[in-house]
Amino acid sequence: MTHVPQAACWRCGAGGDAAVVCATCGAPQRLAPTTDLFQVLGLPRRLTVDDRQLEARYHAAARAIHPDRFQTADAQTQAVSVATSALVNRAYRTLRDPVARGRYWLELHGRRLADRGGAVPPALVAEVFETQERLAELRAATAPEREVLAAEVRGLGEALAARVRTLRAALGDRYAEWNGDGNRTLDELGERLAEIAYLTTLLGDIEDAMGEGLRGTHHRH
């Protein structure tokens with residue numbers, strides 16, 4: 001069962017650490033939306049996560065707090081169950097994905113990855129410029145040029161997708177080395193996540209341009 005440090009049970013007043021469901025009266029427990037997501041699933045706060053442990057903790061917590069278990073309870077109990085169940089699900093979605101976990105790790109340490117529109121990572125400037133130039137050409141191309149440019153852009157997209165997969169896979173190895181909160185670790189983590197985020201955004205731009213550039217032809221992307 002997942003244990004989260006919190007105030008006494010809102011229903012029976014039992015104190016101390018309580019699971020997502022009170023061990024004394026069985027009531028679902030109120031957890032603040034800002035509760036540490038590692039704590040929600042009873043995991044140590046580390047960049048590396050044991051996948052089997054994560055799955056086991058999630059399923060135990062999800063079963064215990066699922067709203068179906070409280071269908072006949074009063075409205076307040078049902079509302080608490082729904083809110084805490086949503087938090088348990090958010091914790092699982094965040095911690096099982098290495099990119100989402102890395103972003104959350106930065107937030108825990110007072111940092112936030114730049115959203116779309118932030119500065120292009122220096123290592124990607126030339127690549128981004130070249131890709132955007134090809135996308136502009138594709139959008140403006142007439143029918144005779146369109147097929148050639150579309151093939152070129154499609155190749156760029158496939159290469160970018162492979163690169164994103166490689167970068168995501170490499171995060172696990174780096175997490176095992178880091179697992180800290182020093183500034184150098186956070187800086188490097190931020191740089192790696194920013195690169196993945198920008199490449200993912202660029203992939204979205206390619207998909208949009210392919211749709212626009214091929215609209216009206218007999219080809220489908």
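Cβ-Cβ below 8 Å, separation at least six or inter-chain, first residue in the stretch 184-210 and aromatic (F, W, Y), second part of a helix (DSSP H, G or I): which pairs?
Y198/L124; Y198/V128
Can you pull out every residue in the stretch 61-98 that is within 30 Å of A197 (Cβ to Cβ), free of Cβ contacts under 8 Å to residues at least 12 places away in the same chain and part of a helix (DSSP H, G or I)?
Once the filter is applied, which keeps residues that are within 30 Å of A197 (Cβ to Cβ), free of Cβ contacts under 8 Å to residues at least 12 places away in the same chain and part of a helix (DSSP H, G or I), the stretch 61-98 yields A86, R93.
Check whether at least one residue in the stretch 43-60 is at pLDDT below 95, among the polar types (S, T, N, Q) and touching a Leu at 6+ places or on another chain (Cβ under 6 Å), and report yes or no.
no
Output the residues belonging to the stretch 30-55 that are under 15 Å from N89 (Cα atoms), touching a residue at least 60 places away in the same chain (Cβ under 8 Å) and either surrounded by fewer than 16 Cβ atoms within 10 Å (Cβ to Cβ) or out of contact with any Ser or Thr (no Cβ under 6 Å at 6 or more places or on another chain) (or both).
D36
Evaluate the following for G26: is it at pLDDT below 90, farther than 28 Å from A176 by Cβ and either surrounded by 18 or more Cβ atoms within 10 Å (Cβ to Cβ) or not assigned by TED's automatic domain parsing to the domain that holds Y175 (or both)?
Judged against the criteria, G26 is not a match.
The values are calculated or read from the model by the stated rules, or taken from the named source; none is laboratory data. None of these values were measured; they are calculated from a predicted model. So basically every Cβ, Gly included, is an ideal-geometry build from the backbone, and we count neighbours across all protein chains shown.
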